[in-house]
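Please read the structure below before turning to the comments.
The values are calculated or read from the model by the stated rules, or taken from the named source; none is laboratory data. None of the values given here were measured: they were computed from a predicted structure. Cβ coordinates were reconstructed from backbone atoms using ideal geometry, including for glycine residues, and neighbour counts include every protein chain displayed.
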Amino acid sequence: MRRTDHLGEVTVYACVPQRISTVAPLSEVILSDDTVWIRTSDGGLWLAPFLPGVGLSWGYSGGGPAALATLLDRLLDDITSPPVARYEPPPGLESLIEATPQDGTTTYNRAQLLAARAG
């Protein structure tokens, strides 16, 4: 939905699904401007699914990076996996996400994510 206020400022609202609706495997994750994008091997670009009240973030040690690392761990195995509120990310994947700079855009391909997950 798009709204323009009385000053002409535009606000765009987007719904984010709790599942990615494709069967093509995850090919990369793009972390940019507080937004997590998932690209699949069929060229699809998706907003990362998330649960209300559960933020996905990177660049520090805490719940947001743990939630993102857990989601990526699940999506690597099954792109249709929903996000979960209980975080149990592999330590290597969590470390990668925690060490990712918050400024700029960072992209990790599938091989990099799998290597981090393997530790």
Counting only residues that are touching a residue at least 24 places away in the same chain (Cβ under 8 Å), farther than 14 Å from Arg110 by Cα and assigned to a loop (DSSP other than H, G, I, E, B), segment 63-89 contains a total of 7
Please go through segment 34-62 and give me each residue that is touching a Leu at 6+ places or on another chain (Cβ under 8 Å), β-branched (Val, Ile, Thr) and either surrounded by 19 or more Cβ atoms within 10 Å (Cβ to Cβ) or touching a residue at least 24 places away in the same chain (Cβ under 8 Å) (or both), ordered by number. Val36, Ile38, Thr40
Residues that are within 14 Å of Asp78 (Cα to Cα) and either among the acidic types (Asp, Glu) or without any contact (Cβ under 8 Å) to a residue 60 or more places away in the chain (or both), drawn from segment 3-27: Ser21, Thr22, Val23, Ala24
Restricting to segment 74-105, name every residue that is surrounded by 11 or more Cβ atoms within 10 Å (Cβ to Cβ), modelled with pLDDT under 95 and of a type in the set (Gly, Ala, Ser). Ser81
